[in-house]
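Quick notes on the structure that follows.
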Amino acid sequence: MLKKIVFIMMVFSLLTGCWSRKELTDLAIVSAMGIDKVDEQYILTVQVINPGDIAGKTLTTRVAVSTYKVTGKSIIEAIRKLTKNAPRKLYFAHLRLLVIGEKLAREGISNSLELISRDHEFRTDFYILVAQDHPSSAILNVLTPIEKNPANKVFNTIEVSLKNWAPTAGVKLDELINNLTATGTNPVLTGIIIKGNEHISGDLDNVEEIPSSATLTLGNICIFKKDQLIGWLDQEESKGYNYIKDNIESTVAVVDWKGGKISIEILNSTTKHNVKITNSGKPKIIIDVQPEAQIAEVQGDIDLTKEEEILEVEKLVNARGNMVVTRAIQRAQEYKSDVFGLGELIHRKHPKLWKTLEKTWHDEGFTDLDYEVNFHTTIRRVGTTNDSFLNEMEDTNK
């Protein structure tokens, strides 16, 4: 009998409800958060989903998201002060974007991230961006076409750009904190820009026009030294950064060819790094980039059936690849910031040598670092035709 009672009690214990449950009707789901700073006050902006307008199939005159903005001496104080404006408790577990104002990024971002890294309600799978030339609050006020939720639009744009372009970096919280705390590397983030008329970016008219008067566009990569933003890479330098970091899944290279141009689609790229100790006892970094590619577009006279022509195109692509990688390294050396993690590479390969370089690595060791870039492209395919129809048209017109 006693065994039956114990068994029944165990069964009933499994049927109890969750003590920490939160009803959706009591929560305001935050999809994006922006942090700015003026003097000693943080300015916190949150973008909250309006569930009925996001899920509804019928058109309404209401926007799908709302934004709330408040100031506070700390991030947690600002979040709590938002309860004066928001009708429900803010819920951050579904955060998609954290946007940091450029002014705050130049002052330092560590203090802004402390709560987010500590609080259990924040997950770590959101992207972190820097609002270029604008406060983060302006970015969060822009309505976007196609996606009703602007945070989803930007999140998906980052994912697509990472797979098909190259001059962007998809940085999430764990990676950012790891790079902030490491001694042999520095962080990078991607910028986000408002293009167009920002004064009507938050109106419904903005998504009812073709094209929209104001849009959100990903910028290039920005470089940090410790936790402070110190400069921006241009498009080619940003692409070079991703080649060095082995982040390239697919991108495009355009080279000049006999009065025209040939576009090469990079289908896959692998980068290997090695450390060589020179006779003087200093490290030299060897960077081997090995892309696989195909001919994507031909606007010039070329015979793709000839191997020597293909080899000549590969040489041009290699020269261009060497240029973008070298430019990225040179720019980072100008900023005295090793964002590639080359110091960490030396630390792993030659820990005793690293002890002598660690304290002055970014200011001296990295700035004077010797390196060698080897870019080896292999063109695997030429598309569905060996000869462009443009050449046939020229022959017809002669």
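Here is a yes/no grid of residues against (1) surrounded by 15 or more Cβ atoms within 10 Å (Cβ to Cβ); (2) on the phi > 0 side of the Ramachandran plot; (3) in contact with a Pro (Cβ under 8 Å, 6 or more places away or on another chain):
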position	(1), (2), (3)
Ser74	yes, no, no
Ile79	yes, no, no
Thr83	no, no, no
Ala86	yes, no, no
Lys89	no, no, no
Leu95	yes, no, no
Asp133	no, yes, no
Ile139	yes, no, no
Lys163	no, no, no
- Hey, can you tell me all the residues within the range 303-335 that are touching a residue at least 12 places away in the same chain (Cβ under 8 Å) and basic (Lys, Arg)? Arg320, Arg327, Arg331
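Listed here are the residues, each with its yes/no results for (1) hydroxyl-bearing (Ser, Thr, Tyr); (2) farther than 17 Å from Pro167 by Cβ; (3) part of a loop (DSSP other than H, G, I, E, B); (4) at pLDDT below 95.
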site: Thr217; (1), (2), (3), (4): yes, no, no, yes
site: Ile221; (1), (2), (3), (4): no, no, no, no
site: Gly231; (1), (2), (3), (4): no, no, no, no
site: Glu236; (1), (2), (3), (4): no, no, no, no
site: Thr271; (1), (2), (3), (4): yes, no, no, no
- Does the range 335-354 hold any residues that are open to solvent by less than 70 Å² (accessible area, probe 1.4 Å), in contact with a strand residue (DSSP E or B) (Cβ under 8 Å, 6 or more places away or on another chain) and either assigned to a helix (DSSP H, G or I) or not hydroxyl-bearing (Ser, Thr, Tyr) (or both), and which are they? Tyr335, Val339, Leu342, Leu345, Ile346, His350, Leu353
- Quick one: count up the residues across the range 141-171 that are over 19 Å from Ile244 (Cα atoms) and not aliphatic (A, V, I, L, M). 13
- Do you know which residues across the range 97-112 are touching a helix residue (DSSP H, G or I) at 6+ places or on another chain (Cβ under 7 Å) and either surrounded by fewer than 16 Cβ atoms within 10 Å (Cβ to Cβ) or in a helix (DSSP H, G or I) (or both)? Leu104, Ser110, Ser112
- Output the number of the condition that Ser137 fails; it satisfies all remaining conditions of (1) part of a helix (DSSP H, G or I); (2) out of contact with any Gly (no Cβ under 9 Å at 6 or more places or on another chain); (3) not aliphatic (A, V, I, L, M). (2)
- Query: For the range 276-288, does any single residue satisfy the condition of being polar (S, T, N, Q) and not in a loop (DSSP other than H, G, I, E, B)?
  - Reply: no
- Message: What pairs come out if I take residues in the range 126-146 that are closer than 18 Å to Lys37 by Cβ and of a type outside the set (Ser, Thr, Tyr) and pair them with residues that are assigned to a loop (DSSP other than H, G, I, E, B) and at pLDDT 95 or above whose C-beta lies under 8 Å away, six or more apart or interchain?
- Response: Ile128/Val171
- Message: Based on this model, can you work out whether Asp246 counts as part of a strand (DSSP E or B) and open to solvent by 60 Å² or more (accessible area, probe 1.4 Å)?
- Response: no
- Within the range 165-183, considering residues that are among the small types (Gly, Ala, Ser) and open to solvent by less than 20 Å² (accessible area, probe 1.4 Å), the one farthest from the chain's Cα centre (by Cα): Ala166
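The values are calculated or read from the model by the stated rules, or taken from the named source; none is laboratory data. Keep in mind that this is a model prediction, so the values were computed, not measured. We place every Cβ from the backbone using ideal geometry, glycine too, and count neighbours over all the protein chains shown. Only protein heavy atoms, including side chains, enter the accessible area calculation; ligands, DNA and RNA are left aside. Shrake-Rupley method; radii C 1.70, N 1.55, O 1.52, S 1.80 Å.
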